[in-house]
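Student: Have a look at the structure that comes next, please.
The values are calculated or read from the model by the stated rules, or taken from the named source; none is laboratory data. Quick caveat: nothing in here was measured; it's all calculated off a predicted structure. As a convention, Cβ positions derive from the backbone with ideal geometry for all residues, glycine included, and neighbour counts pool all protein chains shown.
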Amino acid sequence: MSTQGAKESVKDEVKDDAALHMEDLEEKGQDAEKARWYTDTVINAELADYAPVKGCMVIRPYGYALWENIKNALDDMIKETGHQNAYFPLFIPESFLKKEAQHVEGFAPELAVVTHGGNKKLEEPLVVRPTSETVIGAAFSRWVQSWRDLPVLINQWANVVRWEMRTRMFLRTAEFLWQEGHTAHATVDEAMEETMKMLEVYRSFAEECVGLPVIAGEKPENERFPGAVATYSIEAMMQDGKALQAGTSHFLGTTFSSAQNIKFQNAEGQQELAQTTSWGVSTRMIGGLIMVHGDDDGLRVPPRVAPYQVVVVPMLRDNDEDAAILDYCGDLVTQLNRLDVFREPARALLDRRPAKAANKRWSWVKKGAPIVIEVGGRDVAGGNVSVIRRDRLYREDGKLDSQIVAKGDFLGAACGMLEEIQQALFAQAQARLLGNIDKSITSLDALKAYFGQSKKPGWALVQWAKPSGAALDKVVEWLKGEKLTLRNVPTDAESADGTCIFTGEKAVERVLVGRSY
């Protein structure tokens, strides 16, 4: 076989693997066209590519630039709350996880375990990091001796492995990138304050930076993080009405401090267990961005996190005026990069690729660049630019909405235009979220009918008695049969005033029900 033939063979094998992954993920009755749209959007926008290892993906430079912008914005917010970044090992002794029974039981099906190293069997198997509560807790037990050592506020940016084989790029992969915060406190009140503070950081970050409107609230008992006393989440609604858990914050109490012996001497000289928390956001946020903002033409990226906020496409014709067009475009990009957008230097790019201008334009439309500028010879002569906004690509007659604007006027309006695009994308998504939460459902039959309708529904907010034990198991089993899940109890929901639709008992709160990714 020739070298080229070998390359094509490997490429085909990888694509076959990717097709199998998609087939595994799709549930019976799932809209295959929507699933294909999602994958096509990821590939065409050059966010990620298939990997030769099942369940994994290659994050391409454009996708990684998007992740870096998400990471940098969130990292600033985390540091503003007093946390410091650190790094902990990828490998965790198996015995660490076994110290907390509920934790190891919750993660056991997803663990990747190393049993050999250097051709030798290890004395103790090592787990590839699924999350770091246990290994960070072991460090905290050495660092914390007195109440004066508290609080400990740590965050790390890392990769984790959860051995999932039913995957979709960014939404669910065996290996993914994330940040995980871990803190230790002297009192329950301080730890709970931390838990809710980080939930609010996630809510404001998702809405203000990524343009994702979310519902913040507490997870029901069956949806808690393994070993947590309470778990809180932000839930985002995708365009097909499904829910995506976009971030979580956990109050762990003394569960892990007891297992890892995180003790301190209080001001009275007595020994106490520290109260701990953990919280995280991952590359799943990119999956949410795609499915909330994308349209028939591909990706749409909010300007705050866009790799390039303005892309300038010179319309070259291989003639004498090309040099003048490139100079004109270069000056435009230089001036754009001097602008202050969202309290940062603007990100503008001059696309110098030797390709047709129309092809370059549509490649940036697919990549979701907020503003695409086209410049031809007549624009240079008239001192103008042709402006295309990704949030409103077409006119009412269906034709491309390209506005001719004086170069100076565009430079003066660029910051405001990017702000408008950011707000427009959020407003569209927020209207969809708020308009697709049904609060009128009062019976299981009505709930079943709502999610059984042909039109893709959103979520239902229903009365909830907060059952536990066997009663909760019965509710979860019924929901599973209908392919539904309990999402969270919104922190700002109206008080309960009726009976629980699942148990018939007096309701104590309201819970969101939906289908999910």
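Residues are listed down the side, and each one gets a yes or a no for (1) charged (D, E, K, R); (2) in a strand (DSSP E or B); (3) closer than 30 Å to residue 246 by Cα:
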residue: 301; (1), (2), (3): no, no, yes
residue: 305; (1), (2), (3): no, no, yes
residue: 313; (1), (2), (3): no, yes, no
residue: 319; (1), (2), (3): no, no, no
residue: 323; (1), (2), (3): no, no, no
residue: 330; (1), (2), (3): no, no, no
residue: 335; (1), (2), (3): no, no, no
residue: 352; (1), (2), (3): yes, no, no
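Student: Please go through (1) under 30 Å from residue 494 (Cβ atoms); (2) modelled with pLDDT under 95; (3) of a type outside the set (S, T, N, Q) for residue 259 and return the number of the only condition it doesn't satisfy.
Tutor: (1)
Student: Filter segment 127-148 for residues that are among the hydroxyl-bearing types (Ser, Thr, Tyr) and closer than 20 Å to residue 159 by Cα; which is farthest from the chain's Cα centre (by Cα)? Break it down stepwise before answering.
Tutor: Taking segment 127-148 first, the residues among the hydroxyl-bearing types (Ser, Thr, Tyr) are 131-132, 134, 141, 146.
Still in the running and closer than 20 Å to residue 159 by Cα: 131-132, 134.
Working: 131: 17, 132: 19, 134: 24 Å.
The qualifying residue farthest from the chain's Cα centre (by Cα) is 134.
Student: Here's a check for you: in segment 476-491, which residue that is outside any strand (DSSP E or B) and in contact (Cβ under 8 Å) with a residue 40 or more places away in the chain is farthest from residue 230 (Cα to Cα)?
Tutor: First, the residues of segment 476-491 that are outside any strand (DSSP E or B): 476-484, 487-488, 491.
Keeping just the survivors that are in contact (Cβ under 8 Å) with a residue 40 or more places away in the chain gives 476, 483, 487-488, 491.
Working: 476: 18, 483: 24, 487: 14, 488: 11, 491: 13 Å.
Result: 483.
Student: Here's a follow-up. Among 302, 220, 314, which is over 13 Å from the mean Cα position of the chain (by Cα), assigned by TED's automatic domain parsing to the domain that holds residue 361 and either buried (at least 23 other Cβ atoms within 10 Å of the Cβ) or modelled with pLDDT of 95 or more (or both)? If you could, list the steps in order and put the result at the bottom.
Tutor: Values: 302 fails: assigned by TED's automatic domain parsing to the domain that holds residue 361; 220 fails: assigned by TED's automatic domain parsing to the domain that holds residue 361.
Going through 302, 220, 314 in turn, just one is over 13 Å from the mean Cα position of the chain (by Cα), assigned by TED's automatic domain parsing to the domain that holds residue 361 and either buried (at least 23 other Cβ atoms within 10 Å of the Cβ) or modelled with pLDDT of 95 or more (or both): 314.
Student: Would you point out which residue out of 249, 257, 278 is touching a residue at least 12 places away in the same chain (Cβ under 8 Å) and not in a strand (DSSP E or B)?
Tutor: 257
Student: Are any residues in segment 32-75 in contact with a strand residue (DSSP E or B) (Cβ under 8 Å, 6 or more places away or on another chain) and part of a loop (DSSP other than H, G, I, E, B), and if so, which ones?
Tutor: Listed by number, the residues that qualify are 45, 47, 51, 55, 56, 60.
Student: OK, next. Please go through (1) closer than 27 Å to residue 292 by Cα; (2) in contact (Cβ under 8 Å) with a residue 12 or more places away in the chain for residue 423 and return the number of the only condition it doesn't satisfy.
Tutor: Tallying (1) closer than 27 Å to residue 292 by Cα; (2) in contact (Cβ under 8 Å) with a residue 12 or more places away in the chain, residue 423 fails exactly one: (2).
Student: Sort out which residues of segment 273-288 are under 30 Å from residue 47 (Cα atoms), in contact with a His (Cβ under 8 Å, 6 or more places away or on another chain) and either polar (S, T, N, Q) or not assigned by TED's automatic domain parsing to the domain that holds residue 218 (or both), and write them in order of number. Break it down stepwise before answering.
Tutor: The first filter runs over segment 273-288 and keeps only residues under 30 Å from residue 47 (Cα atoms), leaving 278-288.
The next check asks that each one be in contact with a His (Cβ under 8 Å, 6 or more places away or on another chain); those that pass are 278-279.
Within segment 273-288, just 278 meets the criteria.
Student: Out of the residues in segment 503-517 that are touching a Lys or Arg at 6+ places or on another chain (Cβ under 8 Å) and assigned to a loop (DSSP other than H, G, I, E, B), state the one that is surrounded by the most Cβ atoms within 10 Å (Cβ to Cβ).
Tutor: 515
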